[in-house]
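**Q** Can you read through this structure? Questions will come right after.
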Amino acid sequence: MPGLAPAFGQLEALRSTTSLALRLLLVVLHCAAASAWLHAQAKRRPPGWPRLAVAAPVVLMNMVVPLLIDPKAEICTAAAVSFELVWLSSFKARRAALLRG
């Protein structure tokens, strides 16, 4: 997809110019903001499709945020962050939206 090439180039530039500590801080801040936002939105909507629609952007961001970690240079960190966000957090967000979390 030609539209995504500039975005991945910017991501590579961000990886190379920032330290691992700063990138991990961004991951933690994303997790805190996403969970606070989901909690606030879940109070206002009934369970089911309305909550699932609110959780969809968070699930998509959970798939993008691990790209901040360079899998070639920080193998273990990339694996841990990817597992936590892509699998556990996204699964928990979907289950909570359906009141099964």
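**Q** Helix-only estimate, please: 222 nm mean residue ellipticity of the chain, summing -39500 (n - 2.57) across DSSP H runs of length 4 or more and dividing by its residues, to the nearest 500.
**A** Rounded to the nearest 500, the figure is -22500 deg cm²/dmol.
**Q** Another one. Rounded to the nearest 10 degrees, what's the angle between the helix 5-17 long axis and the longest principal axis of the chain, both from Cα atoms, 0 to 90?
**A** 70 degrees
**Q** Moving to a separate point now. With an 8 Å Cα cut-off and a minimum separation of 6 or more residues, compute the relative contact order for the range 2-97 in percent.
**A** It rounds to 32 percent for the range 2-97.
**Q** Taking other Cβ within 10 Å of each residue's Cβ, how do 98, 67 sort, fewest first?
**A** Least to most surrounded, the residues fall as 98, 67.
**Q** Taking N as the number of residues in the chain, what is its Cα Rg relative to 2.2 N^0.38 Å?
**A** 1.18
**Q** If you don't mind, there's one more thing I want to ask. When the dipole is taken about the Cα centre of the range 2-97, and only Lys, Arg (+1) and Asp, Glu (-1) are charged at their Cβ, what size is it in debye, to the nearest 20?
**A** For the range 2-97, the charge dipole is close to 560 debye.
**Q** Test of understanding: given the chain, find the longest segment containing no trypsin sites (Lys or Arg not before Pro) that are in a DSSP loop and have at most 12 other Cβ atoms within 10 Å.
**A** In the chain, the maximal stretch lacking such sites is 1-71.
Read-outs throughout are calculated quantities, based only on the coordinates presented, and are distinct from any laboratory measurement. None of the values given here were measured: they were computed from a predicted structure. For neighbour counting, all protein chains shown are included, and Cβ atoms are generated from backbone atoms with ideal geometry for every residue, glycine included.
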